Every structure is written in structure tokens, then in C-alpha cells.
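Just below is one structure, and these are the notes that go with it.
Taken together, the values in this text are just the output of simple stated rules run on the coordinates, not laboratory data. Computed from a predicted structure; not experimentally measured. Reconstructed Cβ throughout: ideal geometry from the backbone, glycine too, with neighbour counts over all protein chains shown.
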Amino acid sequence: MIIHKSAIKRARQNLKRNNKNRERSSRIRTILAKFNGTISSGLKENIVEDLRNVQSELMIAVNKGVIVKKAAARNISKLTRKAKSVLG
């Protein structure tokens, strides 16, 4: 049981951060799934737009500390290569 006032506040902050980070991770997974769906459908107009959205969300997650910068860079690189192969 938490007794100190500062520890109670810290626990509250941790719960808030945990929930926000979980939302951000979920949003990234959703956008990645949408991008992969666009790739498989082959709609060239939407591929560029969805790639831009994925890159934006990944960089926001990096700035917020949800994922590591190099992991985001790897994902962006992989998705860009996938988009280029479809766009040809």
C-alpha cells in the first residue's frame, strides 16, 4: 500500500503514462495494418498518403518515447521499400 503523498502522485502519473503509451502503440499497429491493406489492394493513390501517415505516427511515437528511434527508422525504411516495389 502506498503511504507517501509523492508516491501516490507518482503512481497516478504512471497509470496515465501507461494508458497514453498503450493508445499510441495501438494507433501505430492500426495504421500499419491499414497501410498493409492498401499495399495488398494496390491502390497507388492511397499508398503514398498512407505511407506519409505511418511515418508521421512513428515519429510522434519516437518523440513521445514510446518506441526507439532506430526501430522507427527500420520500420519506415521497410515500408518505403515495400511501397516502391508496388509503385514500381
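Need one number: the % of Cα-Cα pairs in the chain sitting beyond the 20 Å mark. Display every interim value, and only then the final one.
Working: 1760 of 3828 pairs.
Here the tail beyond 20 Å accounts for 46 percent of pairs.
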Quiz item: Using +1 on the beta carbon of Lys and Arg, -1 on that of Asp and Glu, and nothing else charged, what's the dipole of segment 5-87 about the Cα centre, debye to 20?
Solution: 720 debye
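Expressed in whole Å with the largest first, what are the equivalent ellipsoid semi-axes of segment 38-88 derived from the C-alpha gyration tensor as the square root of 5 times each eigenvalue? Numbers along the way, then the final one.
Working: eigenvalues 103, 24, 8 Å².
They are 23, 11, 6 Å, listed from largest to smallest.
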Exercise. Please give the helix 5-41 orientation as an angle from the longest Cα principal axis of the chain, in degrees from 0 to 90, rounded to the nearest 10.
Key: 10 degrees
Self-check item: Rounded to 10°, Cα long-axis angle of helix 44-64 versus longest principal axis of the chain
Solution: 20 degrees
Self-check item: Among 62, 37, 47 - extreme Cα towards positive end, dipole of segment 5-87, charges at beta-carbon
Solution: 62
Practice problem: Compute the long axis of helix 69-87 from its Cα atoms, compare it with the longest principal axis of the Cα atoms of the chain, and write down the angle in degrees, 0 to 90, nearest 10. | Solution: 20 degrees
Quiz item: To the nearest 500 deg cm²/dmol, what mean residue ellipticity at 222 nm is calculated for the chain from DSSP H runs of n ≥ 4 alone, each contributing -39,500 (n - 2.57), summed and divided by the residues?
Solution: -31000 deg cm²/dmol
